[in-house]
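Undergrad: My questions will all concern the structure given below.
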Amino acid sequence: MDELHSLEVEEVPQCELGYYKDDFEYKSLSQAGGYSLNVKEMHSHPFVDLQVVLDQMIVQNTSYVKVIKRCLDILFSCLAILFILSWIIPLFAIFIKFDSKSSLFFLQKRKGLHGKVFTCIKFRSMYPNTQSDVEPVREDDTRITRFGKFMRRYHLDELPQFFNVLKGNMTVVGPRPHMIHEDIFYEKIINNYAFRFQVKPGITGLGQVNNRVRITGRKKMEYRVFWDILYIKNWSQYLDIWIMCRTFSICLRGSK
């Protein structure tokens, strides 16, 4: 956000704002950075050439920034593991074993920094099935267990990813990792989709805390990519902390 101010960027471009005019929370950016940013509606193709649109913004990729972010990741992941996962794991192991008759953790390959594949860890929220790597979860998906519905409502199934953060595969705040087949598909049809791989994937992100749009499919992914690139270009520790606080608030309220 400091870079936006120093470069005197007064407008955040948004392509085809009409898709989401009532739902975009642009105020989040001004709240996080303390600056007032205006929204400019662009009558062009949806999310076209985002790297060109944001070419005045600086990618935060210095060693100094990496050290700060890594230190924050280690701090928050250690706190989460010691004070939350240490007692949640044995408790959830009982409920998940009783509900799904399967293992506690669900492991899935995802793409991380520079497209390197890693194993993402989650609490198992679905019955074992052969479609878990190719079919996205729907809201009324019959594969979700009873306890899984509870976990997913409050996003508790994502908590084991703090082990990924501690290991260095992920970061607390960053672009959410998608299933590999989704990466392959959307990288071909969405401009600058692969820009997300310039940083580690996160447990939560700017797109998740602004996720109020009632859209699906390609438009939903374009929406996510827009926020992911905006986050990467304007990272600060204050923005990360703001996103974490907002994520905590969303988890407490739960998904509808």
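The values are calculated or read from the model by the stated rules, or taken from the named source; none is laboratory data. Predicted model, so just to flag it, every value in this text is computed and none were measured. Cβ placement follows ideal geometry from the backbone for every residue including glycine, while neighbour counts extend to all protein chains displayed.
Undergrad: If I ask for residues that are within 17 Å of Gln131 (Cα to Cα) and either among the polar types (S, T, N, Q) or within 17 Å of the chain's Cα centre (by Cα) (or both), which ones from the stretch 177-192 would you list?
TA: Passing the criteria: His178, Met179, Ile180, Glu182, Asp183.
Undergrad: Additional query: Look at Asp157 and say whether it is assigned to a loop (DSSP other than H, G, I, E, B) and in contact (Cβ under 8 Å) with a residue 12 or more places away in the chain. Steps first, answer last, please.
TA: Working: assigned to a loop (DSSP other than H, G, I, E, B): no; in contact (Cβ under 8 Å) with a residue 12 or more places away in the chain: yes.
For Asp157, the condition - assigned to a loop (DSSP other than H, G, I, E, B) and in contact (Cβ under 8 Å) with a residue 12 or more places away in the chain - is not met.
Undergrad: Let me ask something additional. Being assigned to a loop (DSSP other than H, G, I, E, B), at pLDDT 90 or above and within 22 Å of Cys120 (Cβ to Cβ), is that true of even one residue in the stretch 202-225?
TA: From the stretch 202-225, those assigned to a loop (DSSP other than H, G, I, E, B) are 205, 210-216; that's our starting set.
From what is left, the residues that are at pLDDT 90 or above are 205.
From the residues that got through so far, the ones that are within 22 Å of Cys120 (Cβ to Cβ) too are 205.
Yes, the stretch 202-225 has at least one match.
Yes or no, residue by residue, for (1) of a type in the set (Phe, Trp, Tyr); (2) assigned to a loop (DSSP other than H, G, I, E, B); (3) in contact (Cβ under 8 Å) with a residue 60 or more places away in the chain:
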position	(1), (2), (3)
Lys149	no, no, no
Ala194	no, no, yes
Phe197	yes, no, yes
Lys200	no, yes, yes
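Undergrad: If a residue has to be crowded, with 21+ Cβ neighbours inside 10 Å, in a loop (DSSP other than H, G, I, E, B) and either of a type outside the set (Gly, Ala, Ser) or in contact (Cβ under 8 Å) with a residue 60 or more places away in the chain (or both) to count, how many in the stretch 120-144 make the cut?
TA: 1
Undergrad: Since Asn234 meets every condition but one in (1) surrounded by 23 or more Cβ atoms within 10 Å (Cβ to Cβ); (2) within 13 Å of the chain's Cα centre (by Cα), which condition does it not meet?
TA: Asn234 satisfies every listed condition except (2).
Undergrad: Okay, next question. Looking for something of a type outside the set (A, V, I, L, M), touching a helix residue (DSSP H, G or I) at 6+ places or on another chain (Cβ under 6 Å), crowded, with 16+ Cβ neighbours inside 10 Å and part of a helix (DSSP H, G or I) - is there at least one such residue anywhere in the stretch 165-185? Steps first, please.
TA: So the first thing to find is which residues in the stretch 165-185 are of a type outside the set (A, V, I, L, M), and the list is 167-169, 171, 174-178, 181-183, 185.
Still in the running and touching a helix residue (DSSP H, G or I) at 6+ places or on another chain (Cβ under 6 Å): 171, 175.
Subsequent filtering for residues that are crowded, with 16+ Cβ neighbours inside 10 Å retains 171, 175.
Subset that is part of a helix (DSSP H, G or I): none.
The answer is no; no qualifying residue exists.
Undergrad: Also, I was wondering about something else. Please find, within the stretch 237-248, the residue that is modelled with the lowest pLDDT out of those that are among the aromatic types (Phe, Trp, Tyr) and surrounded by fewer than 19 Cβ atoms within 10 Å (Cβ to Cβ).
TA: The selected residue is Tyr238.
Undergrad: Of (1) surrounded by fewer than 19 Cβ atoms within 10 Å (Cβ to Cβ); (2) aliphatic (A, V, I, L, M); (3) touching a Ser or Thr at 6+ places or on another chain (Cβ under 8 Å), Val199 satisfies all except one. Which?
TA: Condition (1) is where Val199 drops out.
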